[in-house]
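Here is the structure we will look at.
The values are calculated or read from the model by the stated rules, or taken from the named source; none is laboratory data. On a predicted model such as this, the values are computed, not experimentally measured, just so you know. All Cβ positions, even for glycine, are placed from backbone atoms using ideal geometry, and neighbour counts span all protein chains on display. Only protein heavy atoms, including side chains, enter the accessible area calculation; ligands, DNA and RNA are left aside. Shrake-Rupley method; radii C 1.70, N 1.55, O 1.52, S 1.80 Å.
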Amino acid sequence: MKTLLGTLTAAAAFPAALFAQETVYLTVASSHPTVVPWVGMIQTHFMARTDEILAESGEYEIEWNEAFGGTLYKANATLSSVEQGITDVGWVFSFLEPAQLPLSQVSTNTPFATANPPVLLEVMEELLETNDAFRAEWEDHNLKVLGLTATDLYDIYTKEPLTGIADIDGMKLSAPGVLGSWLRGTGANAVDGALTTFYTDVQTGVSDGALTLALGAMPIKLYEVAPYINRFDAGAAFSGAIAINNDTWETLPEDVQNAMIEAGKYYTVSHGQDMVDRHELMLNLMVENGADQDPPVTIVPMPAGERQAWVDMLPDLAGEWAASVDAQGAPGTEFLAEYMDALRAAGETPARDWDK
């Protein structure tokens, strides 16, 4: 009895010692700043939701060491930095990794196939679960994918207004990685870059404008140097993932893993809807913010048919891409067909049937 009373007394005196919450230490990083919406949502949705789920049981908490905005690595090293454990968790920018993540380029090689980011993310999430080769190309780089990212719609931002797609013939346009292929056949020259470089490239004359998206252009104030937003509403594209280093992943308690998986799905859905909700808002905000500059920011709607004219100018991007992936030993042609079929099954009507 004395032993039991002693134990109860110690428990009352030192409850924290008996029921201590375990702290997990993780670094989370990105090449882009948190003003870029999908990066900011890593904090507000993925991390916050993970913390919220873990707080329900109180057994674990995560102490996040945040290194956003390129403080650990730049846009050209997002994959290797998570793979090598420079960060535990990070946003991997798949646009800039065509050699390492070939199947992840399917949407960027099928322009104008969908203008619906939530549907695109649903399709890519399904393929990640059902297609072994797609999943393996991430896992082979020591990554566990937790959440997916996509773009809103693409327009062409220029120093002078366009009257149609033919006007970009001879222009230099900044574009991220593989998206430069969307300019093939138009006469424009792609300048490889990312949101972190577009402003300076246009300002210094390295490029005459940029092929980019409203949610990225607004926070970097691209409209200050490229005030004409030539609106084509080009398609959305799969852009990457929140991933965790697999060595780190395997050390985590199961409850923490489950919380991060659930938070990743929440992030993916929330991010997809955010792309829809904020696209028009960002376009209007750029016009408002740039109203007093010279020249003022102006949205230039493209005439009917110009979007299709752009699509029709392009060579067989998807066929070329699929053949090159097949040659590497990955199922490019098969994956292309699965992707396009999944879009059509979800109710999308691609502007061009790239798999036909």
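In a GNM of the chain with a 10 Å cut-off on Cα contacts, which of SER239, SER107, SER57 has the highest mean-square fluctuation? Largest GNM mean-square fluctuation: SER57.
Using a probe radius of 1.4 angstrom, the carbon and sulfur fraction of the accessible surface of segment 233-275 is 44%. Stretching LEU285 away from ASN258 to a fully extended chain increases their span by 5.9 nm, per 0.36 nm per residue minus the current alpha-carbon distance. Direction-averaged projected area, Cα convex hull, the chain: 21.1 nm², rounded to one decimal. Rolling a 1.4 angstrom probe over segment 13-91 with all protein chains present gives an accessible area of which 51% lies on carbon and sulfur atoms.
Shape summary of segment 103-184, radius of gyration then Dmax from alpha carbon positions: 16.0, 47 Å.
Across the options MET47, LEU72, PHE335, the greatest Cα extent toward the positive end of the charge dipole of the chain (unit charges at beta carbon of Lys, Arg, Asp, Glu) belongs to LEU72. Across ARG184, ARG307, the residue with the most accessible area heads the list, and the full order at a 1.4 Å probe is ARG184, ARG307. Let me cross-check LEU195: its accessible surface, 1.4 Å probe, with only protein heavy atoms counted, in Å² to the nearest 10? Only protein atoms counted, so the area is about 20 Å². Length gained on full extension, ASP247 to THR200: 13.2 nm, using 0.36 nm per residue less the C-alpha separation.
Please report, as a whole percent, how much of the solvent-accessible surface of segment 125-224 comes from carbon and sulfur atoms (probe radius 1.4 Å).
46
Of the Cα atoms belonging to segment 35-139, the radius of gyration and Dmax stand at 15.8, 47 Å.
Helix 317-327 and the long axis of the chain differ in direction by around 50°, with both axes built from C-alpha atoms.
Between the beta carbons of ALA309 and LYS159, assuming R0 = 30 Å, the FRET efficiency works out to 0.85 to the nearest 0.05. Computed from the Cβ-Cβ distance with R0 of 25 Å, the FRET efficiency linking GLU126 to SER57 stands at 0.25.
Give me the net charge for the shell around PHE198: Cβ to Cβ below 15 angstrom, other residues only, Lys and Arg +1, Asp and Glu -1. Within the 15 Å Cβ shell, the charges total -1. Spin-label model, LEU72/ASP326: points 7 Å from Cα along the beta carbon direction are separated by 4.0 nm.
Counting only lysines at least 8 places from LYS159 when in the same chain, those with an alpha carbon closer than 25 Å to its own are LYS172, LYS221.
For the chain, what is the accessible area per residue in Å², given a 1.4 Å probe and the full set of protein chains? Please list the in-between numbers first.
Values: 14750 Å² over 356 residues.
Ligands and nucleic acids excluded, the figure is 41 Å² per residue.
Just to confirm the number: angle between the C-alpha axis of helix 48-57 and the first principal axis of the chain, 0 to 90 degrees, nearest 10? Taking the Cα atoms of the chain, the angle to 48-57 is about 20 degrees. Size descriptors for segment 165-297: radius of gyration and Dmax over Cα atoms are 18.4, 57 Å.
Computed from the C-beta positions of THR349 and GLN43 and an R0 of 45 Å, the FRET efficiency is 0.80 to the nearest 0.05.
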